[in-house]
Structure formats: structure tokens, C-alpha cells
Amino acid sequence: MRKQGFTLIELLVVVSIIGLLVSVLLPQFSRARKAAKTTACASNMRSLMQAVHLYANENEDRIIGAGLAHGGVGNEHAAWINTLKDFYGRDERIARCPQDRSTHWKVPVNPSTTTTTGASGPGNTGGDQPRLRRTSYGTNYYTVAAIGNRGPYNMLSKIRRSSTTIHMVEIAEVGPFAVSDHVHPETWWSNPRRLAGEEVELERHLESSNYSYFDGHVEKHVFEATYLIDEANSSLQNIVWRHNRYDPEIAR
């Protein structure tokens, strides 16, 4: 009479099947974890946009400014990470994407190693001191200062296309912009992906990134869905856009 139990071959078959299942399921679990963090990041950005609107309601329709200049020098009094705190509940986790792995949360960016000029003016407390990363998110500079002979678009009522105009992006994890609180899309036109990639973390979420809009919604895009030039019909004097969701005048 045969004893109950598994033979060596049967055990090997079972182990092989388990190994196969693990190899199939692990990538799925990894993608699921990343998707959950992408959703958490989008939730953070929606909360920040709610805070932006609350801030505007109490400040004559004004949009938050920016004060943390790229490279580490800046104006603490103007930095939105400070001015907006009373409106997002002072929960610092809201200002950080759960997939943000920048080393500059603990290792400062030293201004002396960059070629970037910092902000100046009243309240400038940055000096030449190294600065740590303060947030994963940055505002669109079109809403901070005048560019050329237009703007600034620093009031909600000036944003005529609120559902197609981007307000916040995910800040780059390395380089001088890692410690900033804003980005400069008005400078990206000569080589969009390369220049934007120095300021924005373009592929944090499965080769995409989260972007928040002035109407409060958040979308995940590849960069070219937000900023794309019609190169065949453009010149240095006349840029024809397929997408430019940063410039409030032409956002679409």
C-alpha cells in the first residue's frame, strides 16, 4: 500500500507553479502600489487647489505667489508653502508626493554649485545658505510675475480658461529647481522636453506626471500633452502651438 504524501517530482511541480505565479503577480502588485501612490499624489494636488481657492476668497481674488527661487535663495514671506499653510490644514504630507524620492529632503542644494540667480527684495532671507526641499509641487510662473508685456495672471478672475490652464506641476527631484516652489514654462520653447525636464519631474507616475488645473481638477499626462509646438509651421518669431496649457492666454 502506497504511503500518503508528495513525491519529489510533485513537490517540484508545485514549487514551479508557485514560482511562476509569483513572477506573474509581483509586477502587478508593483504597478498597483505605484497606481495607489499616483492617486494619493493627485489627491494632494486637489487639496492644494482647494486651498488656493480658499486663499483667493480671503485675499481679494489673488492667487498664491512664489518665493523659493531655484538654487536655494528665496523670499520666505512669499513662498506659497508658507502663505497657504492656514488653508490646507498645516499637514505637511499634503505638500509631498508619496513617490517623491528626492535626496534633497535631507541633503541641501548648495547655491554656490549652481548658476541660477535667486530672488531679491523685501523679506529675502535666503542669502547664500543651502536649502532643503520643501515641497514636491511648483506653481506656474505665469501667475507669479509679468512676462514680456503680459500679466501677471495673479488673480483667479484673470484665468479665463480655468479648465485648461495648469497651476501646479511636480517639481524635479534633482538640480537647482529641486528646492524651488515654481517653474518657468515661458522659457521652454527652444527645447521643451529637455528644458522642462530640468524643472519638472516628467515621468514620476508610469512615464507621466500629475498636473493640477485652475478649476480644481487634476490630470495625469505625458509632458507633450501639456506643451507641444507645431514645429512644421513655427519659426523663432512665430511659435505655433499644438498645446500650451501654461500660458493663460492660449491654454487649450
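The values are calculated or read from the model by the stated rules, or taken from the named source; none is laboratory data. The shown structure was predicted, so the numbers you read here are calculated from the model rather than taken from an experiment. All Cβ positions, even for glycine, are placed from backbone atoms using ideal geometry, and neighbour counts span all protein chains on display.
Being free of Cβ contacts under 8 Å to residues at least 40 places away in the same chain, among the hydrophobic types (A, V, I, L, M, F, W, C) and touching a His at 6+ places or on another chain (Cβ under 9 Å) is the filter; apply it to the range 211-245 and report the residue that is surrounded by the most Cβ atoms within 10 Å (Cβ to Cβ).
Leu228
Criterion first (out of contact with any Leu (no Cβ under 6 Å at 6 or more places or on another chain), closer than 29 Å to Asn59 by Cα and modelled with pLDDT of 95 or more) does Ser162 satisfy it?
Yes, satisfied.
Scan the range 146-164 residue by residue and report those that are over 19 Å from the mean Cα position of the chain (by Cα) and within 15 Å of Val52 (Cα to Cα).
Tyr153, Asn154, Met155, Leu156, Ser157, Lys158, Ile159
Regarding Ser112, is this residue at pLDDT below 95 and either part of a helix (DSSP H, G or I) or not charged (D, E, K, R) (or both)?
yes
Please go through the range 63-98 and pick out each residue that is of a type in the set (Lys, Arg) and either in a helix (DSSP H, G or I) or crowded, with 17+ Cβ neighbours inside 10 Å (or both).
If the condition is that a residue be of a type in the set (Lys, Arg) and either in a helix (DSSP H, G or I) or crowded, with 17+ Cβ neighbours inside 10 Å (or both), then Lys85, Arg93, Arg96 are the ones that fit.
Consider Ala56 against the criteria (1) of a type in the set (A, V, I, L, M); (2) within 23 Å of Ile159 (Cβ to Cβ); (3) buried (at least 20 other Cβ atoms within 10 Å of the Cβ): it satisfies all of them except one. Which criterion is unmet?
For Ala56, the exception is condition (3).
If you go through the range 138-145 one residue at a time, do you hit one that is within 14 Å of the chain's Cα centre (by Cα), modelled with pLDDT of 95 or more and farther than 21 Å from Ala196 by Cα?
Within the range 138-145, none of the residues are within 14 Å of the chain's Cα centre (by Cα), modelled with pLDDT of 95 or more and farther than 21 Å from Ala196 by Cα.
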